[in-house]
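K.L.:
The structure's right below; bear with me while I get my questions together.
The values are calculated or read from the model by the stated rules, or taken from the named source; none is laboratory data. Computed from a predicted structure; not experimentally measured. Cβ atoms come from the backbone with ideal geometry, glycine included; neighbour counts cover every protein chain shown.
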Amino acid sequence: MSRRKPKGRPLDGWLIIDKPPGMTSTDVVNRVKRIFDAQKAGHGGTLDPLATGVLPIAFGAATKTVPYVMDGTKLYRFTLKLGEGRDTDDADGEVIATSDVRPTDDQIRAALPAFRGDIMQIPPIYSAIKVAGERAYDMAREGRAPVLEARPARVDRFELIERTDADTAVFEVASGKGVYMRSLARDLAQACGTVGHVAALRRLRVGPFLEAASIPLDKLRDAEDTAPASPDLLLPVVTALADIPALALTESEAADLRHGQAISLVALMGRIPGNSDPDGGLVRAMAGGRVIGLARLEDGLMKPERVL
């Protein structure tokens, strides 16, 4: 039996989309895949339908580097609407609680330190987390709101940026993976003695991918243009790894790494980047200006993790 040829063009690389509101991240991937007539595509970190901003789309070989992008720092700006709690913790949901309490700027700033650093966070019930094999949002929509456990989250920065009026406050957050802005908004409002939800959310950065490099979805093609979009718009696969410290190898060391062999860190002394973590940190293995792959530093060795 002959194998069915995959549909579309075999493209490799990254496209940074400025996601419009009202679409799911999967909707965006499917549309971009059609526009480029691409065989394989995925995204580097979900954005809620309400959210806008940086949504990295990986084509072909770039999909292998998605986990490393999702591990990178993310930067968000969100608007907290005070006085209304909603079941989805954002403006798309139903109002489930109200409060007349409006904290001052000083009260908000005093509450912020508790949400910085390594924290425990209960995800929104309308989230893609699985509970006994079911998606939490499916259970919530059917009226069986799941009880979700608090999970560890890392928040590097959480600042009040502006206060447009008593009901509205704008924040910027830099965080690791798996941090829910909706939970931060909900919990901060509660810590200030009131209720609240996310009225607007924009992602400004995902790892090495910045807002300035993003392309609005509707700018990808003209309405009358039926030809697939140009692969020239794609960034190289290795762009995803720009935030990972680089370690230069000789050609023979690179060959060893490609064959799955670990290299002693003693042999690499003087070349190990100062910003890498010798206890389980990742490095980008380079040889002659080429990226060979990713390796992990542990147990006194540099161990290949993913050869590109």
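K.L.:
I'm told LYS74 meets every condition in (1) farther than 27 Å from ASP156 by Cα; (2) surrounded by 19 or more Cβ atoms within 10 Å (Cβ to Cβ) except one. Can you identify the failing condition by its number?
P.N.:
Against the list (1) farther than 27 Å from ASP156 by Cα; (2) surrounded by 19 or more Cβ atoms within 10 Å (Cβ to Cβ), LYS74 comes up short only on (1).
K.L.:
Please go through the stretch 23-70 and give me each residue that is in a loop (DSSP other than H, G, I, E, B), farther than 24 Å from ALA199 by Cβ and under 11 Å from the mean Cα position of the chain (by Cα), ordered by number.
P.N.:
Result: GLY44, single match.
K.L.:
Name the residues in the stretch 153-198 that are under 16 Å from the mean Cα position of the chain (by Cα), free of Cβ contacts under 8 Å to residues at least 40 places away in the same chain and outside any loop (DSSP other than H, G, I, E, B), would you?
P.N.:
Of everything in the stretch 153-198, those that are under 16 Å from the mean Cα position of the chain (by Cα), free of Cβ contacts under 8 Å to residues at least 40 places away in the same chain and outside any loop (DSSP other than H, G, I, E, B) turn out to be ALA153, ARG154.
K.L.:
Looking only at residues in the stretch 131-145 that are out of contact with any Ser or Thr (no Cβ under 7 Å at 6 or more places or on another chain) and aliphatic (A, V, I, L, M), which one is farthest from ASP48 (Cα to Cα)?
P.N.:
Here the answer is ALA132.
K.L.:
Do you know which of the residues in the stretch 101-125 that are part of a loop (DSSP other than H, G, I, E, B) and free of Cβ contacts under 8 Å to residues at least 40 places away in the same chain is surrounded by the fewest Cβ atoms within 10 Å (Cβ to Cβ)?
P.N.:
Restricting to residues being part of a loop (DSSP other than H, G, I, E, B) and free of Cβ contacts under 8 Å to residues at least 40 places away in the same chain, the top hit is THR104.
K.L.:
If you don't mind, another one. In the stretch 5-35, what residues are of a type outside the set (D, E, K, R) and in contact with a strand residue (DSSP E or B) (Cβ under 6 Å, 6 or more places away or on another chain)?
P.N.:
Across the stretch 5-35, the qualifying residues are GLY8, LEU11, GLY13, TRP14, LEU15, ILE16, ILE17, PRO21, SER25, VAL28, VAL29, VAL32.
K.L.:
GLY93 - would you say it is modelled with pLDDT under 95, surrounded by fewer than 13 Cβ atoms within 10 Å (Cβ to Cβ), over 18 Å from ALA191 (Cβ atoms) and not β-branched (Val, Ile, Thr)?
P.N.:
No, not satisfied.
K.L.:
Same structure again: How many residues are free of Cβ contacts under 8 Å to residues at least 12 places away in the same chain and among the small types (Gly, Ala, Ser) when one looks only at the stretch 131-152?
P.N.:
The qualifying residues number 3.
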